[in-house]
1. So, LEU318, is that one in contact with a helix residue (DSSP H, G or I) (Cβ under 9 Å, 6 or more places away or on another chain), more than 29 Å from SER99 (Cβ to Cβ), open to solvent by less than 30 Å² (accessible area, probe 1.4 Å) and touching a residue at least 24 places away in the same chain (Cβ under 8 Å) or not?
2. Quick one: which residue in GLY248, GLY233, GLY243 is among the small types (Gly, Ala, Ser) and free of Cβ contacts under 8 Å to residues at least 40 places away in the same chain?
3. When you look at ALA179, is it of a type in the set (A, V, I, L, M), surrounded by fewer than 17 Cβ atoms within 10 Å (Cβ to Cβ) and not in a loop (DSSP other than H, G, I, E, B), yes or no?
4. Any chance segment 90-101 includes a residue that's β-branched (Val, Ile, Thr) and open to solvent by 10 Å² or more (accessible area, probe 1.4 Å)?
5. Give the residues of segment 198-239 that are outside any strand (DSSP E or B) and within 16 Å of VAL308 (Cα to Cα), sorted by residue number.
6. Which residue pairs have Cβ atoms under 9 Å apart, sit 6 or more places apart or on different chains, and have a first residue in segment 9-27 that is under 13 Å from LEU174 (Cα atoms) and a second that is open to solvent by 40 Å² or more (accessible area, probe 1.4 Å) and of a type in the set (Lys, Arg)?
7. Hey, can you tell me all the residues within segment 54-98 that are without any contact (Cβ under 8 Å) to a residue 60 or more places away in the chain and either among the basic types (Lys, Arg) or under 22 Å from TYR263 (Cα atoms) (or both)?
8. Just to be sure I understand, how many residues within segment 268-308 are touching a Lys or Arg at 6+ places or on another chain (Cβ under 8 Å) and part of a helix (DSSP H, G or I)?
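The values are calculated or read from the model by the stated rules, or taken from the named source; none is laboratory data. Note that this is a predicted model, so its numbers are computed, not measured. Ideal geometry is used to build each Cβ from the backbone, glycine not excepted, and the neighbour counts take in all protein chains shown. For the accessible areas, the whole protein counts, side chains as well, though only heavy atoms, and no ligand, DNA or RNA atoms are used. Shrake-Rupley method; radii C 1.70, N 1.55, O 1.52, S 1.80 Å.
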Amino acid sequence: MRPPRFWSDPAARVFPLLLSPVATLVGAYAANRQKRMGWKAPVPVLCCGNLTTGGTGKTTVVLDLVARLKARNIAVHALTRGYGGRIKTATQVDLACHSARDVGDEALLLAQQCPTWVGGDRAASARAAVAAGAMCLIMDDGFQNPGLYKDVSLLVVDGVVGLGNGHVLPAGPLRERPANALARASAVLLIGADQTNFLTHYGANMPAVLRADLRTGDDVQALRGQRCLAFAGLGRPSKFFEGLRQAGVKPVQCLAFPDHYFYKDRDMTHLATLAQRADAQLVTTPKDTVRFPSSFRKQLKTVGVGLVWQDASAPEALLDELLSQRPA
């Protein structure tokens, strides 16, 4: 399902007002939930979360930080809920046998880089990871989940959409009240230009602010000059399409699908037919590619994205803070 338009409109009044009683209850429940004490793992725990529903780039951030921890010879394991997957209990992702329908697309991407565990009970996943030799844990999402104590919490914000209309679900896209979230965050990572004046609106309650931009992967260079048909099922597919254009690839057509969308046989037939008619190469994201059967992946060109930190020392300082919390 796609989010309602009024969620992204700060000027919206009618629907947020009508839904405000429910939003008040949701905000109160979220605040009360944080009073629970989570299990404190014997190794440092870093959480990359967000305030809004939908994608803000958390997995991209996690992958960046995982690479940095691995460069320090830290045995890092990733924890994620496994959104969209069938497996709900603490399970280590096995790339040889698990599919996106089992563990979700993000878990498959993470498991390509480090041991990854899925499951709604973050404490159970953390215990299993520690027993398997994890020296450090990094959570992809789970900022609002109190089950596992977090040594460092990084709140990720998409600079293009900010916090939407600023209201809590269902009046807006927020999972909890901004002031409560910002008070628990160790730092905020703003990705891209601050097009909604997020820093101005919430500056009074802001912890340390880090800045980064998305960079299209080097694999895009081979597509320059080719006819391409781009598609993506993300929280904000336009971000992928714009990244291609900025890299010099101008798709003949762009197709947007819902976030975490599981492509059906008819979708694959439709995409293949469109590409053939346009004499174009199908181009998509790593997150989309893992949702297809291997037979169809042969028809795709995958273009990833990475982070460029505006202050190159900022992520290393964040990890220094994390690893100093207690010995791994």
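1. On the way: in contact with a helix residue (DSSP H, G or I) (Cβ under 9 Å, 6 or more places away or on another chain): yes; more than 29 Å from SER99 (Cβ to Cβ): yes; open to solvent by less than 30 Å² (accessible area, probe 1.4 Å): yes; touching a residue at least 24 places away in the same chain (Cβ under 8 Å): yes.
Yes; evaluated as a whole, the condition is true for this residue.
2. GLY248
3. Values: of a type in the set (A, V, I, L, M): yes; surrounded by fewer than 17 Cβ atoms within 10 Å (Cβ to Cβ): yes; not in a loop (DSSP other than H, G, I, E, B): yes.
Yes, satisfied.
4. Within segment 90-101, the first condition is being β-branched (Val, Ile, Thr), and the residues that meet it are 91, 93.
Next, from what is left, pick out any that are open to solvent by 10 Å² or more (accessible area, probe 1.4 Å): 91, 93.
Within segment 90-101 (the criterion being β-branched (Val, Ile, Thr) and open to solvent by 10 Å² or more (accessible area, probe 1.4 Å)), the answer is yes, since at least one residue qualifies.
5. So in segment 198-239, the residues outside any strand (DSSP E or B) come out as 198-207, 217-227, 234-239.
GLY217, ASP218, LYS239 - these are the residues of segment 198-239 that are outside any strand (DSSP E or B) and within 16 Å of VAL308 (Cα to Cα).
6. Close Cβ pairs (under 9 Å, with a partner that is open to solvent by 40 Å² or more (accessible area, probe 1.4 Å) and of a type in the set (Lys, Arg)) amount to VAL26/ARG175; GLY27/ARG177.
7. Within segment 54-98, LYS70, GLY82, GLY85, ARG86, ILE87, LYS88, VAL93, ASP94, LEU95, ALA96, CYS97, HIS98 meet the criteria.
8. Number satisfying all stated conditions: 2.
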